[in-house]
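A quick write-up on the structure given underneath.
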Amino acid sequence: QVQLVESGGGLVQAGGSLRLSCTASGNIFSISTMGWYRQVPGKERDLVARITSGGNTVYADSVKGRFTISRDFSKNTVYLQMNSLKPEDTAVYYCYANLVTTTVRDIGMNYWGKGTLLTVSS
């Protein structure tokens, strides 16, 4: 029904930049929120940033001023521009969306991508 596909992960030098992209496809009626979480082994999956259809944003304190989230929900796409990358940003980054499908219109549900690995070398 719904699939989220991430791209843009890879190996980056500390201080460098990278942009992640995520596109949702399937029987989507509307998107309320899209964003990014990240996870390292042995730890919980934590919010990095999210953005609503109205443009409201939330950032983790650790990335404020360095990362910028944007969206084009007409294309079911969210972006994460990451600047001044640090080794502690190394993680698997997961795209998520809260959206309403055409088959179940009553409530928004969360959907997740498979994740993309970002490694920042010191």
Exercise. Taking L85 as the residue in question, decide whether it is of a type in the set (A, V, I, L, M) and under 13 Å from the mean Cα position of the chain (by Cα).
Key: no
Quiz item: Among strands (runs of 3 or more DSSP E) lying entirely in the range 1-46, which contain 2 or more residues that are open to solvent by 30 Å² or more (accessible area, probe 1.4 Å) and closer than 16 Å to Y79 by Cβ?
Solution: 2-7, 18-26, 28-39
Practice problem: Would you check if T90 is open to solvent by 40 Å² or more (accessible area, probe 1.4 Å), of a type in the set (V, I, T) and closer than 30 Å to S121 by Cα? | Solution: yes
Quiz item: Is there a residue in the range 62-71 that is more than 25 Å from R105 (Cα to Cα), loosely packed, with under 14 Cβ neighbours inside 10 Å and of a type in the set (D, E, K, R)?
Solution: yes
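Might you let me know whether the range 9-21 holds any residue that is free of Cβ contacts under 8 Å to residues at least 24 places away in the same chain and within 16 Å of T90 (Cβ to Cβ)? Before you say what the answer is, go through the steps one by one.
Step one: filter the range 9-21 for residues free of Cβ contacts under 8 Å to residues at least 24 places away in the same chain, giving none.
Scanning the range 9-21 turns up no residue that is free of Cβ contacts under 8 Å to residues at least 24 places away in the same chain and within 16 Å of T90 (Cβ to Cβ).
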Quiz item: When you scan the range 58-112, how many residues do you find that are assigned to a helix (DSSP H, G or I), in contact (Cβ under 8 Å) with a residue 24 or more places away in the chain and within 20 Å of V2 (Cβ to Cβ)?
Solution: 2
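The values are calculated or read from the model by the stated rules, or taken from the named source; none is laboratory data. Quick caveat, the model's predicted, so the values are computed rather than measured. Using ideal geometry, Cβ is built from the backbone for each residue, glycine included, and neighbour counts are taken over all protein chains shown. All accessible areas refer to the heavy atoms of the entire protein, side chains included, with ligands and DNA or RNA removed. Shrake-Rupley method; radii C 1.70, N 1.55, O 1.52, S 1.80 Å.
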